[in-house]
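A quick write-up on the structure given underneath.
What follows draws every value from the coordinates through simple rules; no lab data is involved. This is a predicted model, so every value here is computed, not measured. Here the Cβ is made from the backbone with ideal geometry for all residues, glycine too, and neighbour counts use every protein chain on show.
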Amino acid sequence: MLYVLNHPLITHKLTQMRKEETGTKDFKQNLDEIAGLMAYEVCRDLPLRSVHIKTPVCECDTYELEKQIVLIPILRAGLGLVNGINDLIPTAKVGFIGLYRDEETLEPHEYFAKFPSTMPDAVNLVLDPMLATGGSAVAAIDMIKKRGAKAIKLVCLVGAPEGVKAVEAAHPDVDIYLAALDDHLNEKGYIVPGLGDAGDRIFGTK
Ligand code: PRP
Ligand code: URA
């Protein structure tokens, strides 16, 4: 299922990120803020378990999160989504997938993987600001499924229809969350209108 989180605050902040003149500091701050806002929606259907507790006033039956949350950023750009979500879910564990996209072939290449042992029973949020051809997201989800992950959600900022289609075809069980669904990919595999190279804009490498 595809969820596009049309919220005025998210749209406004994303517009600031899209602007060519926005520098690294404001780009990262807006990304942090959007990540927090997206987390609220992404976590809407998390399972709860009932617990019996004692408040300062009386005993009562209430609920708490049943499953651990694991955040899995796709390096590098996915790191930009971690802080905003971790602020809301401070008990989340964090795993890492290193993938880079070959600029000629657009194929993803793995260079790093490190996951918490709790991943098979957790709700796993795969994080990457950009869903372009979908090659990186499909490869990342393949990698974590091979290590036993079952409940998986893909959280991206900007997606292209091509990337959404690719993930839906390869992993129909994975819900996709976007702040915006853009128009198309250009001949270099960049999302149009997009926001350029997310990793370079987060880390100031260009
Ligand atoms: C970017 C982006 C995604 C990928 C999306 O990463 O952060 O991981 O491209 O493209 P795809 O959907 O066509 O696979 P990049 O390879 O530029 O690496 P970086 O994060 O280190 O900049
Ligand atoms: N990766 C990016 O960082 N931006 C795009 O538009 C496509 C892939």
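How many angstrom lie between the Cα centre of segment 52-99 and the Cα centre of segment 118-195?
20 Å
Which percentage, to the nearest 5, of the DSSP beta bridges contained in segment 71-186 is antiparallel?
For segment 71-186, the DSSP antiparallel bridge percentage is about 25.
Just add up the charged neighbours of His184: K/R +1, D/E -1, any other residue whose Cβ is under 14 Å from the Cβ of His184.
Residues close to His184 contribute a combined charge of -2.
In nm, to one decimal, how far is the modelled label at Asp142 from the one at Phe96, with both set 7 Å along Cα→Cβ?
Rounded to a tenth, the inter-label distance reads 2.3 nm.
Specify whether the C-alpha gyration tensor of segment 79-120 places it in the rounded, prolate or oblate class, a ≥ b ≥ c being the square roots of the eigenvalues: rounded for a/c under 1.5, otherwise prolate if a/b is larger than b/c and oblate if not.
oblate
Roughly what % of DSSP beta bridges within segment 1-115 run antiparallel, to the nearest 5?
75 percent
Where both partners of a DSSP beta bridge lie in the chain, what percent of those bridges are antiparallel, to the nearest 5?
Counting only bridges with both partners in the chain, antiparallel ones make up about 40 percent.
In the calculated pair distance distribution of segment 77-161, what percentage of Cα-Cα distances lie above 22 Å?
23 percent
What residue among Pro193, Pro56, Pro172 shows peak mean-square fluctuation when the chain is described by a Gaussian network model with Cα springs under 10 Å?
Largest GNM mean-square fluctuation: Pro56.
At 222 nm, what helix-only mean residue ellipticity would the chain give, in deg cm²/dmol to the nearest 500, using -39500 (n - 2.57) for each DSSP H run of four or more?
Result for the chain, helices only: -9500 deg cm²/dmol.
Per the Kirkwood formula on distinct C-alpha pairs, the Rh of segment 1-106 is how many angstrom?
Details: mean 1/r = 0.0606 Å⁻¹.
Across segment 1-106, the inverse of the average 1/r is 16.5 Å.
What net charge is computed for the residues neighbouring Gly80, neighbours being all others with C-beta under 11 Å from the C-beta of Gly80, Lys and Arg scored +1, Asp and Glu -1?
+1
What's the exposure ranking of Leu37, Leu71, going from fewest to most Cβ atoms within 10 Å?
Taking fewest neighbouring Cβ atoms as first place, the list is Leu37, Leu71.
Using the Cα centre of segment 113-206 as origin and beta-carbon charges of +1 (Lys, Arg) and -1 (Asp, Glu), tell me which of Gly204, Ala139, Phe115 is placed farthest towards the positive end of the dipole.
Result: Phe115.
Do the alpha carbons of any pairs in Lys165/Lys188; Lys153/Lys206; Lys145/Lys188; Lys67/Lys93; Lys13/Lys165 sit beyond 21 Å of each other, and which pairs? Show your work: numbers first, answer last.
Working: Lys165/Lys188 18 Å; Lys153/Lys206 30 Å; Lys145/Lys188 29 Å; Lys67/Lys93 12 Å; Lys13/Lys165 26 Å.
In this structure, Lys153/Lys206; Lys145/Lys188; Lys13/Lys165 lie more than 21 Å apart at Cα.
Rounded, prolate or oblate: which one fits the chain, using the alpha carbon gyration tensor with axes a ≥ b ≥ c (rounded when a/c is under 1.5, else prolate when a/b beats b/c, else oblate)?
prolate
Place a +1 charge on the Cβ of each Lys and Arg in segment 111-206 and a -1 charge on the Cβ of each Asp and Glu, then give the dipole magnitude about the Cα centre in debye, rounded to the nearest 20.
400 debye
Over all alpha-carbon pairs in segment 126-193, figure out the percentage whose distance exceeds 20 Å.
21 percent
Only Cα pairs within less than 10 Å get springs; with that Gaussian network setup on the chain, which residue of Ala132, Ala160, Ala149 has the largest fluctuation?
Sorting by GNM fluctuation, first place goes to Ala149.
What is the dipole size for segment 72-143, taken about its Cα centre, with +1 at each Lys and Arg Cβ and -1 at each Asp and Glu Cβ, in debye to the nearest 20?
Computed about the Cα centre, the dipole is about 320 debye.
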